[in-house]
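Below is one structure, written out as structure tokens; the observations come after it.
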């Protein structure tokens with residue numbers, strides 16, 4: 001096993017929180033991939049003592065640069081024609097698996113398409129996957145990722161996207177398994193009137209770890225971004241949420257909106273969150289919110305009087321939270 005530095009915050013915070021980044025234990029091996037660089041990365045500038053935390057990465061992703069050095073050969077998927085039927089990629093892993101997958105998706109001008117990735121597997125193992133999406137002008141793309149690995153797995157879930165003028169990107173992620181999850185996404189909204197939306201559902205089972213880093217960077221005028229997180233944490237589950245709206249100089253009239261809602265069930269959960277809004281541009285609108293709660297005794301009593309026991313009540317509440325995200329997934333993609 002070796003160490004990887006993942007999920008870097010865009011800027012340093014008070015280190016006592018221990019949330020600036022994560023050091024993860026991963027399987028040995030390193031093989032740098034040859035990622036296409038469709039567009040040059042903009043030069044990062046230091047403004048008002050804003051010190052970038054992340055390592056240099058020409059096409060940024062949520063987990064960060066060390067994933068680029070870990071995954072090896074890159075599969076290039078060019079999408080030049082619109083289609084109502086999504087591209088489907090199934091990953092059924094066997095005990096002891098070590099999956100490493102890097103995919104670069106180039107969506108051409110005006111094209112509308114979608115991609116579904118399904119991950120399942122029994123026993124123990126590791127899956128490390130990174131997808132980078134480049135959307136030309138007026139492109140419309142929906143990336144759907146569904147993870148149902150058994151608890152013996154570690155899942156490294158990485159995504160980055162770059163949006164040009166009027167491009168639209170939707171990212172739907174459902175984390176239902178794996179004992180350890182490191183998940184990150186980075187939206188780089190270069191384009192005028194570009195739009196990004198992320199909807200994420202997760203369930204942290206007993207003794208599991210879920211470590212998130214989601215960043216939406218606004219560079220284009222009138223760009224818009226929305227991030228929604230619906231989560232459930234059970235006994236002894238641990239979760240870290242880093243979610244950042246980063247308004248760069250020139251992003252006039254940009255709008256960002258982020259919200260996380262967590263349902264806690266049981267005892268001794270660790271629920272940490274560090275929502276941030278960074279601003280180099282004055283004429284922008286940013287909002288973030290975080291809520292957490294549990295089933296009240298009054299609610300449980302009400303359900304029990306109608307023949308619903310505590311276990312069934314919990315299941316109903318979990319299904320209701322997940323449904324807010326899974327309703328955005330095309331029929332058949334969750335099967």
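Residue-wise test of (1) assigned to a strand (DSSP E or B); (2) crowded, with 23+ Cβ neighbours inside 10 Å.
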| residue | (1), (2) |
| --- | --- |
| 183 | yes, yes |
| 191 | no, yes |
| 201 | yes, yes |
| 215 | yes, yes |
| 266 | no, no |
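Answer yes if at least one residue in segment 283-303 is surrounded by 14 or more Cβ atoms within 10 Å (Cβ to Cβ), over 30 Å from residue 215 (Cα atoms), over 24 Å from the mean Cα position of the chain (by Cα) and at pLDDT 80 or above, and no otherwise.
Kept after step one, since they are surrounded by 14 or more Cβ atoms within 10 Å (Cβ to Cβ), are these residues of segment 283-303: 284, 286, 288, 290, 292, 294-295, 300, 303.
From what is left, the residues that are over 30 Å from residue 215 (Cα atoms) are 295, 300, 303.
Checking which are over 24 Å from the mean Cα position of the chain (by Cα) leaves us with 295, 300, 303.
Among the residues that remain, those that are also at pLDDT 80 or above are: none.
No, every residue in segment 283-303 fails to be surrounded by 14 or more Cβ atoms within 10 Å (Cβ to Cβ), over 30 Å from residue 215 (Cα atoms), over 24 Å from the mean Cα position of the chain (by Cα) and at pLDDT 80 or above.
Taking the conditions (1) modelled with pLDDT of 90 or more; (2) in a loop (DSSP other than H, G, I, E, B) in turn, residue 272 satisfies each one other than (2). With the structure loaded, tell me whether residue 76 is crowded, with 17+ Cβ neighbours inside 10 Å, in contact with a strand residue (DSSP E or B) (Cβ under 7 Å, 6 or more places away or on another chain) and modelled with pLDDT of 80 or more or whether it fails that test. Judged against the criteria, residue 76 is not a match.
Which one of 295, 245, 322 is part of a strand (DSSP E or B) and in contact with a strand residue (DSSP E or B) (Cβ under 9 Å, 6 or more places away or on another chain)? Please lay out each step first, then the result.
Details: 295 fails: part of a strand (DSSP E or B); 322 fails: part of a strand (DSSP E or B).
The match here is 245.
The values are calculated or read from the model by the stated rules, or taken from the named source; none is laboratory data. All values reported here derive from a predicted model rather than from experimental measurement. Cβ atoms come from the backbone with ideal geometry, glycine included; neighbour counts cover every protein chain shown.
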